[in-house]
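Heads up, the thing below is written out as structure tokens.
Each reported figure results from applying straightforward, stated rules to the coordinates on display, with no laboratory input. Values in this document were obtained by computation on a predicted structure and should not be read as measured data. As a convention, Cβ positions derive from the backbone with ideal geometry for all residues, glycine included, and neighbour counts pool all protein chains shown.
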Amino acid sequence: MSVSFTVASRCGRMKRQMIIGREGMSDVMRVGLFVTCVNDTLYPRTGRAVVSLLERLGVEVDFPAAQSCCGQPLSNTGYRHRAEALMLRYAAAFQGHEYVVTPSASCAAMVREGYPRIAARAAVEGRSRAEVERLSKAAARVVTRTYELTEFLVDVLGVTDVGAYFPHTVTYHPTCHGLRMLGLGDRPRRLLEHVRGLELRELAGAEECCGFGGTFAVKNPAVSAAMGADKTRAIRKTGARAVCAVDNSCLMHIGGTLSREGSGVRPVHIAEILAGTEGRVL
Amino acid sequence: MSRTYVGMPAFPRAAAVSAGDTTLRANLRTATHTIRAKRAEAVAELDDWDRLRAAGAAVKDRTLRHLDHYLLQLEENVTRAGGTVHWAADAAEANRIVTGLVQATGESEVVKVKSMVTQEIGLNDALERAGIRAYETDLAELIVQLGDDLPSHILVPAIHRGRSEIRDIFREHMADWGRPAPEGLTDRPADLAEAARLHLREKFLRAKVAVSGANFMVAETGTLVVVESEGNGRMCLTLPDTLISVVGIEKTVPTWRDLEIYLQLLPRSSTAERMNPYTSTWTGTTADDGPRAFHLVLLDNGRTDTLADQVGRQALRCIRCSACLNVCPVYERAGGHAYGSPYPGPIGAILTPQLRGLTSPLEESLPFASSLCGACYEVCPVAIDIPDVLVHLRERVVQGGETTIRGTRTVIKPAKGHTMERAMMRTTGWVLDHPAALRRGQRLAARARRALPRRLPGPGRAWSDTRDLPEVPPESFRDWWERTRGGDA
Amino acid sequence: MTAAHGAGPGPGSRTSHPSRERILGRIRRALADVPSYERPADHPVPRDYLRTHGSRTPAESVDLLADNLSDYRATVHRTDTAGLPALLAELLARRGTRSVAVPPGLPGGWLTDAAVEPVVDSPSLSAGALDAVDSVVTGCALAIAETGTVILDGGPDQGRRRITLVPDHHVCVVRVADQVVDSVPQALERLSPARPLTWISGPSATSDIELDRVEGVHGPRTLEVVLLVEDDR
């Protein structure tokens, strides 16, 4: 899968070069925004930031209303069969999009790793060939086209300086799925390093899980809280005013813990930092 | 009689207790963080690590897919080299075989090399019931045995004990088992190691029977391999007259050459060394050198049930290095005992429910004892996709389904206590599949947002006891989009 | 059929046979998804990992061996054929050794300079007797540079496994010309699995206290390795 992804992203870069190379740029790049159910419901600000950022970079953003949730919460809790309908819905909603961009590493990882697995498991279970085929086709259609936001910026658009302004001290928490499933590497950092006014503070034990883990947070609350407390301690130690990440679900846990601790450190999605400009700081 | 894992509570309850134990948390944090950094360095020395890892996984997969073939080959070659092979379908049978073999020698004590599998089957208790005393000789196992405790780590069973606790255990209990601790014993690790050396030496010198496990068994040659550090393994493997090795059937590798992969992967993953101090290999018996009688007890005890699960069987690749424990944020806070078996940490969370079956609330809770952060998979030297198997087992817990118990295919019912969750997931799944309904819900919440509490009652407290809830925004993204970009819905 | 035959009257001999068939049957049923035509070799094993890590001249390999041995707290010495007896004598004297265990095939002349009482290994030499011996001097079968390992295979200049285990001081002589390999894969192809092998990488150690390495538990707490450059003669 990582192989096909690399190929896809290379194609994407070539295509963009072709588009830009053409006179007048009549052919504007158009992407489908997968905002995710969490952002849609609880963090619309992040979705709006992605729209504003991408439009500023000359990308046309489309929001298919048929979209909903990637299915990860169901699948990771043991209800994979219930996630199948959501996977088919995702594939149908973004059928016409060559690029799907999402401000969630975890949801992007679900699409890229989880979807092919859902299809594969259906085959192992001995489901009908037609069903397996339907699932595999849906997965195959979206796996190579789905990008986490920072991947899309760095790999497809080829930018690390998005012209952003954010005059605060910030520390960056690399989320587990971004770090270990998508392999985002230093993409988010490179983007943050180019933000004017932003001072990046190193987070000790950055690669350690914050303790969210979806339903883990409520099924094992004591351990989840202990992990969260260790994470927020490290965050507070940086002295940064804000903690940023590529996923609002982790930030909901981190931010909720910080807030309960009475800390003033603000959780902020990377999209909101990158969308800020001198005229308009989010 | 030592403590047992029987009747332990489900993971969240036990883990909550240990997460609140500050001494334990500090001990585990120091130990796991020390080894974590060292492992990373040891692995970084080899620029073909990923290729070794892929080969390590592939050789184990080949073995597992043809396990009957390789076990027969192993049996033939061990027998030809002068060993005797026994087969044990479960713990009780393995214990019976070993007890009988010890009794046949007329001895009433044995020395033991650290062995996970004999912990798994409860061999020491079985021997004790037959009037045979088993002396653990690995330093950490000794600490556990003297402290009447349970192991909490694969490599370092007494990881939950700090140095001063170990000193106290030695001072208090060594005399009950033989040579007492030296006068004025300090808590310097070197002094503690010296105390263990003195305490155990007399036992090594007089032992007539030893019990061991093995890290690898080579089918094509009948060779067994024990990888260790202290030399207690060498003592047990070479001084006594009779050696009994109890080994899980999944420890087989096809060829002598295959060891070139694992003897690179294991030490670096485990103790973060280029090579561990001692590795012993033996093939049957050797005239005038080492034990005159060698017995190999091949153990199933749930391994074939695990093998029957196409997704879960990768857990049988495990070479017990403990790298996954050392990087696991959940293990670090929950401690090993919460996992209720000799196999703690991420690997235990997928191995125990498969070896034992989903037979009690403990086993049913283990697949959920993970935030799915993926650190375990990243460090696993045989590429066991632990998060994937965890999710797979979660399905089995919440939905039931086909599984194999003691060799028989069975359909199990969903575990108790998930009824409400199932109903919730059904509703959630439906709502998410109907965006119009999702929108209605969002609008309802937005209207009531001022009245929504920051803390939840009832089951919601699991979240809001330590975390504030996010504020519900006045307008969902989809409503904003529709309002500003004009309904493309 | 090489069915298990228990040693004597143990219960193992009575019960093992049916369990053998039961376990093999369970395995075959568990593997129902593996096509019946699949042979073990059909399942691919990529062996594109390296045979050695980096390329070195023989001299560099010996240096690496020395570095890695020292890194794990073995003491390394270098000498030639002529210097060996004096070096061994010095190492033993420095230690205050009076009695030294030796394998029956220790090359003549190695210990001629040492004022020690040799205890020659034989099947009648008990563990208790060995416990009273101060040191042991042996050769080896092989050494691995990349891991800092010496390997004993019970050859005539190495003796039974126990003689290098019970005494607290082990002096191991490596003939650098033909006994040093670079890597684990190279070592395995030169070793015979039929012989009992002991791989030694530094003195005995433990990480059992707070996962921190401490040298010196049950095996020899002092390991001295002599890298011997022999004359061409």
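Numbers for the structure displayed
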item	result
For residues of B:133-143, the mean tally of beta carbons on other chains within 10 Å	2
R0 of 35 Å, Cβ-Cβ distance residue B:465-residue B:408: FRET efficiency to nearest 0.05	0.20
D (Stokes-Einstein, µm²/s), Kirkwood Cα radius, chain A, 1.002 mPa s at 20 °C	110 µm²/s
Solvent-free Debye scattering, log10 I(q)/I(0), computed from the Cα coordinates of region B:46-299 at q = 0.10, 0.11, 0.12 Å⁻¹	-0.50, -0.60, -0.72
Length gained when the stretch residue A:60-residue A:241 is fully extended (0.36 nm per residue, less Cα-Cα span)	61.9 nm
Computed Kirkwood radius, in angstrom, where 1/r is averaged over Cα pairs of region A:124-282	17.2 Å
Order of A:212, A:34 - criterion: other Cβ atoms within 10 Å of each residue's Cβ, fewest first	A:212, A:34
Cα-centre dipole for region B:434-485 with unit charges at Cβ (Lys and Arg positive, Asp and Glu negative), debye to 20	160 debye
Stokes-Einstein D (µm²/s) once Rh is taken as the Kirkwood radius of region B:17-127 over alpha-carbon pairs, at 37 °C in 0.692 mPa s	175 µm²/s
Cα-based Rg and Dmax for region A:115-208, where Dmax is the largest Cα-Cα distance (Å)	18.7, 57
Spin-label pair residue B:310/residue B:484, simplified geometry with 7 Å Cα→Cβ offset, distance in nm	4.8 nm
Dipole of the protein assembly as shown, positive direction: furthest Cα of A:163, B:91, B:30, with charges on the beta-carbon	A:163
Rounded Å value of the spacing that divides the Cα centres of region B:347-391 and region A:103-178	24 Å
Isolated Cys in chain B, by beta carbon distance under 4.7 Å	B:236, B:318, B:321, B:328, B:380
Within region B:457-489: backbone nitrogen closer than 15 Å to the residue B:450 label point (7 Å, Cα to C-beta)	B:472-475
Inter-chain shielding of A:209-215 (mean C-beta neighbours from other protein chains, 10 Å cut-off)	6
Mean separation of Cα contacts under 8 Å, 6 or more apart, over the residue count of region B:434-485: relative contact order %	40 percent
Full-stretch length increase - residue B:190, residue B:176 - with 0.36 nm per residue and alpha-carbon distance subtracted	2.8 nm
Global geometry of chain B, whether rounded, prolate or oblate, following the gyration tensor of its Cα atoms and the 1.5 cut on a/c	prolate
Number of partner chain Cβ atoms within 10 Å, mean per residue of A:59-69	4
Sparsely packed trypsin sites (Lys or Arg not before Pro) within region B:396-430, loop by DSSP, other Cβ within 10 Å at most 11	B:416
Kirkwood Rh in Å, taken over all unlike Cα pairs in region A:201-282	13.2 Å
Residue A:159-residue B:424 FRET efficiency (beta carbon distance; Förster radius 41 Å; 0.05 resolution)	0.45
Selection from B:154, B:312, B:190 lying farthest towards where the dipole of chain B points positive, charges on Cβ	B:312
5 angstrom amide H check on residue B:252, placed H, neighbours 5+ away	B:217
Helical contribution to [θ] at 222 nm, DSSP H n ≥ 4, -39,500 (n - 2.57), averaged over the protein assembly as shown, rounded to 500	-13000 deg cm²/dmol
Summed side-chain charge close to residue A:123 - residues other than residue A:123 whose Cβ falls under 10 Å, Lys, Arg +1, Asp, Glu -1	0
Student exercise, the protein assembly as shown dipole from Lys, Arg, Asp, Glu Cβ charges, in Debye to nearest 20	4140 debye
Under 13 Å, Cβ to Cβ, from residue A:79 - net charge with Lys/Arg +1 and Asp/Glu -1	+3
Exposure proxy ranking, count of Cβ atoms within 10 Å, fewest first, for B:87, C:110, B:480	B:480, C:110, B:87
FRET efficiency, residue C:17 to residue A:124 (Cβ-Cβ, R0 30 Å, nearest 0.05)	0.30
Pairwise centroid distance, computed over Cα atoms, of region C:77-135 with region B:410-462, Å	77 Å
Label-to-label distance, nm, for residues given as residue B:41 and residue C:126 (7 Å Cα→Cβ offset)	4.6 nm
Pairwise Cα inverse-distance average, inverted: Kirkwood Rh of region B:282-419 (Å)	16.1 Å
About the Cα centre, charge dipole magnitude for region B:11-134 (Lys/Arg +1, Asp/Glu -1 at Cβ), debye	440 debye
Cα gyration tensor shape of region B:375-448, rounded if a/c is under 1.5, else prolate or oblate by comparing a/b with b/c	oblate
Anisotropy class of the protein assembly as shown from Cα gyration tensor, a/c 1.5 cut	prolate
Histogram of C-alpha separations across chain C, 5 Å bin width, %	1, 6, 11, 14, 14, 12, 10, 8, 8, 7, 5, 3, 1, 0
Set of region B:205-222 residues, backbone N closer than 11 Å to the point 7 Å along the Cα-Cβ line of residue C:39	none
Between region A:246-282 and region B:126-150, the alpha-carbon center distance in angstrom	53 Å
Neighbour-count order for C:34, B:398, fewest beta carbons within 10 angstrom listed first	C:34, B:398
Total formal charge among the other residues, if their Cβ is under 13 angstrom from that of residue B:127, Lys/Arg +1 and Asp/Glu -1	-1
